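The structure appears right after this line, and notes come after that.
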Amino acid sequence: MLTDHATIMERVSAAVAYVEDKIEQAQAAGELRWFNQAYQAWRLEAKAQGRVMTYAEARARLRRAIYRQILFGEAGEIAVMPKLFPSFDIDA
C-alpha cells in the first residue's frame, strides 16, 4: 500500500521541525560547543589553504549527519562522527 504525497510531506516536515528544534535546544544549552570549536578550527586551517565554508553550510552538514543517524540507525554520537567537515588532503 502506498502512502499519499501529502501524508509523506507532513511526516517529513514534522521530522525536520523535530531535528531543528533539537539542534536549537542543544545550542541554547551549550551542547554544541564541540561543534562550534570544530568548525572554528576547520575554518582557520581552511583559510590558510584558500578554502571556505560558511557557518550555515557547517550547520547543514550537522543536520545531514543527524538525519543520517536517525534514518539509517548509525551508531555513535554526532560529535565523533568522521567526515563532518572535509579533510585537507591534497585530493579533497
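Annotation: of all residues in the range 47-74 being open to solvent by 50 Å² or more (accessible area, probe 1.4 Å) and touching a helix residue (DSSP H, G or I) at 6+ places or on another chain (Cβ under 8 Å), the one that is modelled with the lowest pLDDT is Glu74.
Would you check if Ala92 is of a type in the set (Gly, Ala, Ser) and either in a loop (DSSP other than H, G, I, E, B) or at pLDDT 90 or above (or both)?
On the way: of a type in the set (Gly, Ala, Ser): yes; either in a loop (DSSP other than H, G, I, E, B) or at pLDDT 90 or above (or both): yes.
For Ala92, the condition - of a type in the set (Gly, Ala, Ser) and either in a loop (DSSP other than H, G, I, E, B) or at pLDDT 90 or above (or both) - is met.
Exactly one residue out of Ile8, Ile23 is in contact (Cβ under 8 Å) with a residue 24 or more places away in the chain and either assigned to a helix (DSSP H, G or I) or in contact with a Leu (Cβ under 8 Å, 6 or more places away or on another chain) (or both): that is Ile23. One residue stands out in the range 26-36 among those that are part of a helix (DSSP H, G or I) and farther than 15 Å from Arg61 by Cα: the one that is most open to solvent (accessible area, probe 1.4 Å), namely Arg33.
The values are calculated or read from the model by the stated rules, or taken from the named source; none is laboratory data. Not measured: the values here are computed from a predicted model. Note: ideal-geometry Cβ built from the backbone for every residue, glycine included; neighbour counts use all protein chains shown. Ligands, DNA and RNA are excluded from the accessible area calculation, which covers all protein heavy atoms including side chains. Shrake-Rupley method; radii C 1.70, N 1.55, O 1.52, S 1.80 Å.
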